[in-house]
Amino acid sequence: MNYKFYGSNTKSVYPINPEYEKIKDQRHLYDLLSEIWDIKVCTTRLRNEWSPSNKTCGCCTVTCLLVQDIFGGEIYGVYVDGNVHCFSKVNDEIFDLTSEQFGDMKLNYTLDYPQSREEHLSNPNKKERYLYLVSKLKELLNR
């Protein structure tokens, strides 16, 4: 498959959490998330831009939190139009499962800022969207 997300050609990373052992690597996770990303995962401020053809729009932080649950690693952010966009770094492999929302715009992943999982999850809206995404993925994996 031809993936469009940043880092799709990086070395595979594998689940460290046995709860997600059915997931082969970050590309397989992308395939699964492509079936479940929806407007409920999108941040409220971007919901008017979300569509099935732009399914990763506004889904970066909660997706990175889930990536961290599955593969470990860290969450970093880059500034895009005055807002922080999150991406994942696992075992020195950088990938951004939601980068296609920016079309052809090239983000500078070297100007990164560490993100706090605890801080993101202290936001009730993010936590609700994250838990929703987790439940949708578990539902899909248990079919």
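Against the test of being over 12 Å from the mean Cα position of the chain (by Cα), among the hydrophobic types (A, V, I, L, M, F, W, C) and assigned to a strand (DSSP E or B), the options Val13, Val84 yield a single qualifying residue, Val84. Within the stretch 20-49, restricting attention to residues that are free of Cβ contacts under 8 Å to residues at least 12 places away in the same chain and within 28 Å of Pro124 (Cβ to Cβ), the residue that is nearest to the chain's Cα centre (by Cα) is Ile39. Which one of these is of a type in the set (Gly, Ala, Ser) and not in a loop (DSSP other than H, G, I, E, B): Ser8, Ser34? Going through Ser8, Ser34 in turn, just one is of a type in the set (Gly, Ala, Ser) and not in a loop (DSSP other than H, G, I, E, B): Ser34. Just one of the listed residues (Gly77, Gly73) is farther than 15 Å from Gln101 by Cβ and of a type in the set (Gly, Ala, Ser), and it is Gly73.
Count of the stretch 87-117 residues, restricted to those that are part of a loop (DSSP other than H, G, I, E, B) and of a type in the set (Asp, Glu), is 3. If you go through the stretch 117-127 and keep only what is without any contact (Cβ under 8 Å) to a residue 60 or more places away in the chain and over 15 Å from the mean Cα position of the chain (by Cα), you end up with Glu118, Glu119, Ser122, Asn123, Pro124.
Consider Val134 carefully, then state whether it is surrounded by 14 or more Cβ atoms within 10 Å (Cβ to Cβ) and in a helix (DSSP H, G or I). Yes, satisfied. Considering the conditions (1) under 14 Å from Tyr132 (Cβ atoms); (2) hydrophobic (A, V, I, L, M, F, W, C); (3) in contact with a strand residue (DSSP E or B) (Cβ under 6 Å, 6 or more places away or on another chain), Val41 is excluded by exactly one of them, (3). Among residues of the stretch 61-116 being in contact (Cβ under 8 Å) with a residue 12 or more places away in the chain and among the charged types (D, E, K, R), the one that is nearest to Glu35 (Cα to Cα) is Glu100.
Which of the numbered conditions does Ser51 fail, given that it passes all the others? Conditions: (1) surrounded by 19 or more Cβ atoms within 10 Å (Cβ to Cβ); (2) under 17 Å from Gln101 (Cα atoms). Among (1) surrounded by 19 or more Cβ atoms within 10 Å (Cβ to Cβ); (2) under 17 Å from Gln101 (Cα atoms), Ser51 violates only (1).
Among Ser12, Ser53, which is of a type in the set (Gly, Ala, Ser), farther than 20 Å from Tyr130 by Cα and without any contact (Cβ under 8 Å) to a residue 12 or more places away in the chain?
Exactly one residue qualifies, and that residue is Ser53.
One residue alone among Asp31, Asp38, Asp25 is among the acidic types (Asp, Glu), surrounded by 12 or more Cβ atoms within 10 Å (Cβ to Cβ) and over 17 Å from Ser88 (Cα atoms), and that residue is Asp38.
Taken together, the values in this text are just the output of simple stated rules run on the coordinates, not laboratory data. Keep in mind that what you see is a predicted model, and the values were worked out from it rather than measured. Note that each Cβ is placed from the backbone with ideal geometry, even for glycine, and that neighbours are counted across all protein chains shown.
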